[in-house]
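Below: one structure, written as structure tokens.
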Amino acid sequence: MKIEISKKLKLKIIQPNSKFKDHRGTYLETFNFEKFKNNFKNLKFVEDDFSINNQNVFKGIHGDNKTWKLVSCVYGKCISYIVNCDEKSKNFGKWEKFILSENNYFQILVPPKYGNSFLVKSKVAVYHYKQTQYYQGMKKQFTYKYNDPRIKLNLFSKNLIISDRDK
């Protein structure tokens, strides 16, 4: 695996290096405990979740104060927006966007107190979360509106499909 640090929020971008493609399809290793533990010693992932959505769906800005998330788009294409939601931080409201897709296989390591959100750009996309805490439901999470003036998220999309929670 190759690990890079993002420019703005200093997030870890993980690029799996075990890809195999041929006329039948693709084989990809996205997590290997032995390789991962050497780079992320204190993280223990306990749950995997998938979100399957149609084009123009916007999910989030959600998170909590305990969970680390390793996020990726395993099918289709998403723009992932990661937001510093720590209201005590001088960097509160700063965000960074990443293109996650079946073509690049990038994974973003999202720390606690950071919001995770994404916008589906392909006809359908499958977004994957690997988490260090068991999901406790939306009442145990923080949620920020996509148009919160303190965050100033630029979605550059007109026909957004958004849940009542995210409005």
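Entry remark, segment 1-28: residues being assigned to a loop (DSSP other than H, G, I, E, B), under 24 Å from TYR114 (Cβ atoms) and open to solvent by 50 Å² or more (accessible area, probe 1.4 Å) number 4 in total.
Quick one: in segment 94-105, which of the residues that are open to solvent by less than 60 Å² (accessible area, probe 1.4 Å) and part of a strand (DSSP E or B) is farthest from PHE142 (Cα to Cα)?
The initial filter retains those residues of segment 94-105 that are open to solvent by less than 60 Å² (accessible area, probe 1.4 Å), namely 95-96, 98, 100-101, 104-105.
Among the residues that remain, those that are also part of a strand (DSSP E or B) are: 95-96, 98, 100-101.
Details: TRP95: 16, GLU96: 18, PHE98: 21, LEU100: 23, SER101: 26 Å.
Per the stated criteria, the residue is SER101.
Working only within segment 29-39, note down all residues that are surrounded by 11 or more Cβ atoms within 10 Å (Cβ to Cβ), among the hydrophobic types (A, V, I, L, M, F, W, C) and either over 17 Å from the mean Cα position of the chain (by Cα) or not in a loop (DSSP other than H, G, I, E, B) (or both). Matches in segment 29-39: PHE36 only. Sort out which residues of segment 40-64 are assigned to a loop (DSSP other than H, G, I, E, B), touching a residue at least 60 places away in the same chain (Cβ under 8 Å) and open to solvent by 20 Å² or more (accessible area, probe 1.4 Å), and write them in order of number. Residues satisfying the conditions are LEU43, LYS44, PHE45, VAL46, GLN55, ASN56, ASP64.
Can you tell me which residue within segment 6-28, out of those that are under 19 Å from ILE108 (Cβ atoms) and hydrophobic (A, V, I, L, M, F, W, C), is farthest from the chain's Cα centre (by Cα)? Give the steps one after another, and end with the answer.
We begin by selecting, within segment 6-28, every residue under 19 Å from ILE108 (Cβ atoms); these are 6-19, 28.
Next, only the ones that are hydrophobic (A, V, I, L, M, F, W, C) stay: 9, 11, 13-14, 28.
Values: LEU9: 14, LEU11: 11, ILE13: 10, ILE14: 12, LEU28: 18 Å.
Going through the qualifying residues, I end up with LEU28.
Just to verify a result, which residue in segment 106-145, among those that are of a type in the set (D, E, K, R) and in contact with a strand residue (DSSP E or B) (Cβ under 6 Å, 6 or more places away or on another chain), is least open to solvent (accessible area, probe 1.4 Å)?
In the first step, residues of segment 106-145 are kept if they are of a type in the set (D, E, K, R); the result is 113, 121, 123, 130, 139-140, 145.
From the residues that got through so far, the ones that are in contact with a strand residue (DSSP E or B) (Cβ under 6 Å, 6 or more places away or on another chain) too are 121, 130.
On the way: LYS121: 75, LYS130: 24 Å².
This residue is LYS130.
Does segment 85-93 include one or more residues that are assigned to a strand (DSSP E or B), surrounded by 12 or more Cβ atoms within 10 Å (Cβ to Cβ) and at pLDDT 95 or above? Within segment 85-93, none of the residues are assigned to a strand (DSSP E or B), surrounded by 12 or more Cβ atoms within 10 Å (Cβ to Cβ) and at pLDDT 95 or above. Each residue in segment 121-132 was checked for being over 15 Å from the mean Cα position of the chain (by Cα) and assigned to a loop (DSSP other than H, G, I, E, B), and 2 pass.
The values are calculated or read from the model by the stated rules, or taken from the named source; none is laboratory data. Owing to the predicted nature of the structure, the values given are computational and were not obtained by experimental measurement. Neighbour counts run over all protein chains shown; Cβ positions are idealised from the backbone, glycine included. Just so you know, the surface numbers come from the protein's heavy atoms only, side chains and all, with ligands and any DNA or RNA stripped out. Shrake-Rupley method; radii C 1.70, N 1.55, O 1.52, S 1.80 Å.
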